[in-house]
Amino acid sequence: PGTTGSLPPTSSSMFQSQPILNQETLQQRLLTLIDGARESWTYAIFWQSSFDNTSGAAHLGWGDGYYRGEENRQRQQTTFSAAEQENRKKVLRELTSLISGSSSSSDAVVDDEVTDTEWFFLVSMTQSFTSGVGLPGQAFMSSIPIWVTGSDTLTGSGCERARQGQVFGLQTMVCVPMANGVVELGSTEPIYQNSDLMNKVRILFNFNG
Amino acid sequence: PRGIPQFRKVSLARFLEKRKERAMNA
């Protein structure tokens, strides 16, 4: 997906199933990774790899994600229009209704502004990457971590996901390849490469013991 | 919900719940 447009929440074609790792375990690992970090990460996603026998290519799809939010939510300003904000709220209302069965428009979940990074995280749930394509796909194919810091660097990376991340307010994106997928982290703060985080990812997401 | 595999449903439900918590604590 190459646009910043709306999220198709109920499109079954966007939600193809795939083999999954234990989701509770994944969530706990993602939470441990960024809640315990000294840096301020906005979200963490585990992109899970699967192999397509037909095309012979590896794919990365949504495994699980943890959205922590920004340190100072009030500081967050959207560059998008009021119409875009209404669209986000509408989608969130529909998703809330689908998940909980409640369609109350006064629900606190939908009353609040949907921030740019929340939207980026939500849209990520609909995305997948072929090995070698996109930031997670490039990291997975090369087995080399990718660490991009700075708005200009994200824009100039030539990667659509990085460009999207920058548009939605991110200043740092990191993709660390593992045997079963890729761990992606994003932040609205500029965070520079450090080996502590890499080591933590490798320990937490080494599913082969 | 129909059309959304369980693992995304779980992620989504968790995201919405946390969002509600953040809104109530703001």
To the nearest 0.05, the calculated FRET efficiency linking A:Asp196 and A:Asp111 through their beta-carbon distance, R0 being 41 Å, is 0.60
Principal axes first, then extents: for the Cα atoms of the stretch A:142-199, list largest minus smallest coordinate on each axis, whole Å, largest first. 30, 21, 15
Give me the extension gain from A:Asn208 to A:Ser151: residue separation times 0.36 nm, minus the current Cα-Cα distance, reported in nm with one decimal. 17.0 nm
Which of the lysines could be linked to A:Lys89 by a straight reach, that is with a Cα gap under 22 Å, when you skip same-chain ones fewer than 8 residues away? B:Lys9, B:Lys18, B:Lys20
A:Gln85 versus B:Lys9, label points 7 Å from Cα toward the beta carbon: distance in nm? 3.3 nm
Exposure proxy check: A:Arg38, B:Arg14 ranked by fewest other beta carbons within 10 Å? A:Arg38, B:Arg14
Dimensions of the stretch A:106-209 along principal axes (Cα, Å, largest first)? 46, 32, 28
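Each reported figure results from applying straightforward, stated rules to the coordinates on display, with no laboratory input. Just so it is clear, the structure is predicted and the values come from calculations on it, not from any experiment. Cβ sites come from the backbone with ideal geometry, for glycine too, and all protein chains shown count toward neighbours.
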